[in-house]
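Asker: The structure under discussion is supplied below as structure tokens; questions concerning it will follow.
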Amino acid sequence: MTQQPGFPQHGDPQYGTQQFGDQPVAGPDDRTPAALAHASSLIAMALSAGWLSFVGPLVMWLIYKDRSPFVRQAAAGSFNFNVGLWIMSIVGWIFIITVIGIPIGLVLLAVSFVLQIVGHLIGTVRATRGRTINYPFQLRILS
């Protein structure tokens, strides 16, 4: 086996100590707005019974899209995640309206609700630490 320069090898003292996703990618000035971009979905969800959860991230994206790439990415990810969960909720309500699909609809609504809360809480915590999150169920509308 050949030694590759610049990469720790098995047996080296530093092997396995640094992971690529563990380093903060944002300064302290960007962390608060990025955390607010994630948390604003939860705040809007609580105030609007879940129907306006996309507004906070959209506003943050509009304000910071040219100022900070970190905040732009956080807001866009949060918005895109909300759109995916919105579609899941709409499909759930359609199943509930058809009466025969009530069990499937209730499961979809519950999954959407739990994913939204857990996903945005994780996103908020990671943003306060200067790290990014890659949400599942994103429809890439904003970037």
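Asker: For ASP29 and LYS65 in one chain, what is 0.36 nm times their gap in residues minus the Cα-Cα distance, to one decimal in nm?
Answerer: The ASP29-LYS65 span can extend by a further 11.5 nm.
Asker: Rounded, prolate or oblate: pick one for segment 66-111, where a ≥ b ≥ c are the square roots of the eigenvalues of its C-alpha gyration tensor, a/c under 1.5 means rounded, and failing that, prolate if a/b is larger than b/c, else oblate.
Answerer: It comes out prolate by the Cα gyration axes.
Asker: So, by mean Cβ neighbours within 10 angstrom, what's the order for 117-127, 133-143 with the highest one leading?
Answerer: Packing proxy ranking, top to bottom: 117-127, 133-143.
Asker: Evaluate the distance, in nm, between pseudo-label points positioned 7 Å from the Cα of THR98 and of VAL125 along their respective Cα→Cβ axes.
Answerer: With each label placed 7 Å out from Cα toward Cβ, I get 3.7 nm.
Asker: Here's a follow-up. Subtract the Cα-Cα distance of SER143 and VAL114 from 0.36 nm times their separation in residues, and report this length gain in nm to one decimal.
Answerer: Between SER143 and VAL114, full extension yields 8.0 nm more.
We did not get these values from a lab; they are worked out from the coordinates using the rules stated. Predicted model only: the values in this text are computed from it and were never measured. A quick note on method: Cβ atoms are made from the backbone with ideal geometry, for glycine too, and the neighbour counts reach across all protein chains shown.
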